[in-house]
Every structure is written in structure tokens, then in C-alpha cells.
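Data first, discussion second: the structure below is written as C-alpha cells.
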Amino acid sequence: MEALLESYQITQILKYRHPFLLIDKVTGYIPGKELTAVKAVSMGEPYFAGHFPDFPIMPGVLITEALAQASSLMLALDDLEWEKGGPLPPTERPIIGVLGNVQINFLKSVLPGCLLQLEVSIDWRKGPACSIYVKASAEGSVCAKGKVTVMFIDKSKLSV
């Protein structure tokens, strides 16, 4: 599985850091259409200590977050007009992705040791808002699928 982007490159675009960066590498990208990424789920993940000690499963909210991060990454790469194999443009992005509507069905548990395959594809895009089909699979089985809406906003315009 060839990596188009490694985690250190992903952190140049998404401002998440360990333990909340939930994408380890990008394995596929078609500008304006889709992105595939991988999250290696290890027993060392901090949430497994309490979810659940006798039967560790990845929380659905974190699967959703991984899919949202993959969605935001795809849109950011589109906005940067990045091409496979090309360098990442040196830019400080003042915008952040905010998750809007989430409609996800969970079909199978994600266990430690899985390679979680994240697939996202654009349904529609209008200005800063975008609806995205999402799917997470492990061991060849679909674990979660659905749709999310992501919107980019200038973080200086957020009221705290």
C-alpha cells in the first residue's frame, strides 16, 4: 500500500496532533472527487484503557472523527490544488473545517490491530460547504458508512 502522504505531511495541512490525529497515511486521491486514507488501530490507543477494558473497541465517535478528518483533508488538498507526488504548498491556512450534519451507520466493531480504511467522496459542494459520502472498513468488511457535511470557516470569525 503506497502512501501519497505520510502523517508528518498530513500535520502540515490538518492541525491535529497525536493522540487526536486519526489518519496515518493517504493512499489514494482524485482531486475534486475522492480520497482514501488509513488509520492503524493499535492497542496503545489511549481510549482502549476505558472503552472497554475487557473488550476493547474503537468508539464510534472516533471513527466518525477519522472520517471527518479524511473529508477535511480531501477538501484542503483540493483548495491547495495539490497534485499527487507534488510538494505541499507552504501556506498557513486561516480556515478550519467544522462538521455539520452527520448521518453514519455503524455495522461492525473496530478492534485493536485493524487497519481502518477510510474512503470519502464528494456528493456536492457549494461554496464553503460540502456533503461527503464516507465509509470505514477493516479486514475487508464495512464498519461504518454514511454522509457528513463539512464547512470551512475563517477561524478569526469564530466567537469564543
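The values are calculated or read from the model by the stated rules, or taken from the named source; none is laboratory data. In this text the structure is predicted, and so the values were computed from the model without any measurement. Because the Cβ atoms are built from the backbone with ideal geometry, glycine has one as well, and the counts that use them run over all protein chains shown. For accessibility, only protein heavy atoms count, side chains too; no ligands or nucleic acids. Shrake-Rupley method; radii C 1.70, N 1.55, O 1.52, S 1.80 Å.
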**Request:** Could you tell me whether any residue of the range 115-128 is among the hydrophobic types (A, V, I, L, M, F, W, C), within 18 Å of LEU21 (Cβ to Cβ) and out of contact with any Lys or Arg (no Cβ under 7 Å at 6 or more places or on another chain)?
**Result:** yes
**Fill in**
When every residue in the range 43-57 that is touching a residue at least 40 places away in the same chain (Cβ under 8 Å) and touching a Pro at 6+ places or on another chain (Cβ under 8 Å) is compared, the one surrounded by the fewest Cβ atoms within 10 Å (Cβ to Cβ) is MET43
**Message:** I'd like the residue in the range 1-27 that is in contact with an Asp or Glu (Cβ under 9 Å, 6 or more places away or on another chain) and polar (S, T, N, Q) and, out of all such residues, is nearest to VAL41 (Cα to Cα).
**Reply:** SER7
**Request:** Scan the range 59-76 and give yes if some residue there is out of contact with any helix residue (DSSP H, G or I) (no Cβ under 6 Å at 6 or more places or on another chain), farther than 15 Å from ALA144 by Cβ, in contact (Cβ under 8 Å) with a residue 60 or more places away in the chain and open to solvent by 30 Å² or more (accessible area, probe 1.4 Å), otherwise no.
**Result:** no
**Prompt:** What are the residues in the range 1-12 that are surrounded by fewer than 20 Cβ atoms within 10 Å (Cβ to Cβ) and either in contact with a Lys or Arg (Cβ under 6 Å, 6 or more places away or on another chain) or of a type outside the set (Ser, Thr, Tyr) (or both), if any?
**Reply:** MET1, GLU2, ALA3, LEU4, GLU6, GLN9, GLN12
